[in-house]
Structures are given as C-alpha cells and as structure tokens.
Amino acid sequence: MHNRALEGKTAFVSGSGQNIGRATAVQLARMGCNVVVNGSSNFAAVEETAAAVEAEDVASLIAMGDMGEEDAIRTIADAALSRFGRVDIVVNNAARRPHKPFLEMTEDDWHGVMDVALTAVFRTSQAFLPGMVEAGWGRIINFAGMKAIKGYNEGAPISAAKHGVWGLTKALSTEFASKGVTINTVSPGQIRKDSKTEDDPARAARIPAGVMGQSQDIASMVGYLASPEAHFVTGQMIAVNGGETT
C-alpha cells in the first residue's frame, strides 16, 4: 500500500477504545484518514485512541454510544457527518461475546448480542452508505470471527449474529458494487489482548501457526481492504487466524 493512500478520507471505527478497534483506528490514521472513534462507556480509553490517531497528523472525533442502541447510532452518525461531511470507511468492530447454555438464555441475552453484532451493521450501513454512493467510493468492513464459520458450545447468539453479518456482507456487496463501494468481512482468529505480553500456551497450541494473532494483524488486513488497491475485492470473508479454521 502507498503511504497516506487514504489522505483526506474519514473512517468510523466502532468499539475503538482498545485492542483490535484501537489498532484499526490508528492504522487508518497512518494511511491519512480522519477517524471517528467510539466506545460505549470507557471514555478514558477512547481518549487514548483519539490521541494516538491525532499523533498521525489527522483529525479525530470522539463519539461515545452503545452500538446496540438505535438512538445512539443516529447521534453518532449525525455528529460524524456534521464534523466531516461524509464517512468514507465504516469498520463495524463492536461486539458482545457472552457464553451461556442455550436453555438458560433470556430474550435480553439474545438481543444484547444481536443488536450490537448484527443490527448495528444494518444501522451504520444505512447511515453512511448514502454519502459513499454520492461520492462513488466507499468501504464497509465488518467483523465476524470463527463463529461465522462454525458453531461453538454455549455461543448460539454470537454464532447466529456473525453468520448474519456474513450474509449481510454478501447481499450488500452485490447491491453496491456498481456504486464504487466494497463491502467485506474480516474473520479474526484467536487474538492476544494488547494488555498481555505472552500468548496463552493452550490456545496457541491449537493454532497451526503456533502463535496467537495480535491486534495489528487484523488492523493491517482492514487497512488493505480500505485501500485503493482493494477496489476489486468485495463480498468476501477473509480469515486471519493462523490456519486454525480454513
């Protein structure tokens, strides 16, 4: 990728206060993007991300809000569009990943996952796609994970939501490809939290590569998909998991 290949564009990254979300926000900033950073509650963490973004000589906007709430997304979108005029790149990273036996699950448990991991993708896409279509250029990058590839014990709503994200990606990519908008999904494997300095040996042993991934591994893939070089890549789910699931 060329340096500053996204100069002058604006990205929105949900759940960007830490780990993959923060790394992604900073990666896009390095490529020249202004970045709208988001978190649901930890304002201090989002402030740290915003400072790291601005250190790359671009602008940031902090837009707090729970991605599971329709009003919050509307407020975030209004703030982003008011400040920057258009959002060119949307990265739907926010998610909830509770594990609970299916027969113990409540309606609130179910919707708590679906609203953040799936319905938020619908809402952010509706909020920002009009500007992309008008400009004839845009990128939506969704996150799935290995739960969009196979089912996991006590993870029914997560698997359902992530399979839904993959389906929505395929549908929207077909509808908007002719408008200059690419829509893809990144499926992260086992990623070590930024607060950890060593891999979990048991988890690393299950990965053919022999190591856990790091946040930058995912951010780099997002950077590629957001770049002009990826103009012919759309409707794809790209796994970044060290070969654990193929």
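Every read-out reported here was derived from the displayed coordinates using simple, explicitly stated rules and does not represent laboratory data. Everything numeric here is computed off the predicted structure, so don't read it as measured data. Here Cβ is always computed from backbone atoms with ideal geometry, including for glycine, and neighbour counts include all displayed protein chains.
Below are the figures for this structure:
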item	result
Share of alpha-carbon pairs per 10 Å distance bin for the chain, given as whole %	8, 33, 39, 18, 3, 0
Extension reserve of the PHE122-SER41 stretch, reckoned as 0.36 nm per residue once the Cα distance is removed	27.0 nm
Cα gyration tensor shape for region 1-44, rounded if a/c is under 1.5, else prolate or oblate	prolate
For the chain, built as a Gaussian network whose Cα springs stay under 10 Å, the top-fluctuating residue of GLY17, GLY65, GLY136	GLY136
Cα-based helix-to-principal-axis angle, 156-176 vs the chain, degrees rounded to 10	30
Environment charge of ILE20, counting only residues whose C-beta is closer than 14 Å and scoring Lys/Arg +1, Asp/Glu -1	+3
Mean Cα-pair separation over length for the chain, i.e. relative contact order, pairs under 8 Å, 6 or more apart, %	19
DSSP-loop trypsin sites (Lys or Arg not before Pro) across region 1-78, with at most 16 other Cβ within 10 angstrom	ARG4
Per-residue HN-Hα couplings for region 104-111 [Karplus 6.51, -1.76, 1.60; θ = phi - 60°; Hz; x = Gly/Pro]	9, 6, 9, 4, 5, 4, 4, 5
Rounded to the nearest 20 debye, dipole of the chain from Cβ charges on Lys, Arg, Asp, Glu	600
Mean ellipticity per residue at 222 nm, deg cm²/dmol - from DSSP H runs of n ≥ 4 across the chain, formula -39500 (n - 2.57)	-13000 deg cm²/dmol
Residue among ASN92, ASN142, ASN153 with the largest mean-square fluctuation in a Gaussian network model of the chain, springs linking Cα atoms under 10 Å	ASN153
Cross-link pairs beyond the 24 Å C-alpha cut-off, checked among LYS100/LYS150; LYS9/LYS193; LYS9/LYS196; LYS147/LYS170	LYS9/LYS193; LYS9/LYS196
Global form of region 53-153, assessed from the alpha-carbon gyration tensor, a/c cut-off 1.5	prolate
Neighbourhood net charge (14 Å Cβ-Cβ; Lys/Arg +1, Asp/Glu -1) for LEU129	+1
For region 72-131, diffusion coefficient by Stokes-Einstein and Kirkwood Rh (Cα), 10 °C, 1.306 mPa s, µm²/s	122
VAL90 long-range amide H proximity, modeled H, under 5 Å	PHE12, ARG139, ILE140, ILE141
Dipole axis of region 1-130 (+1 Lys, Arg; -1 Asp, Glu on Cβ), positive-most option in ALA79, PHE12, ALA94	PHE12
Point-to-point label distance, ASP57-ASP71, nm (Cα→Cβ direction, 7 Å offset)	4.2
Residue with peak Gaussian network fluctuation, the chain [Cα springs, cutoff 10 Å], from ASP108, ASP194, ASP88	ASP108
For ALA239, residues with placed amide H under 5 Å, excluding near neighbours	SER187
Cα shape, region 186-246, gyration tensor, a/c 1.5 rule	oblate
Neighbour net charge for MET146 - beta-carbon separation under 10 angstrom, K R +1, D E -1	+2
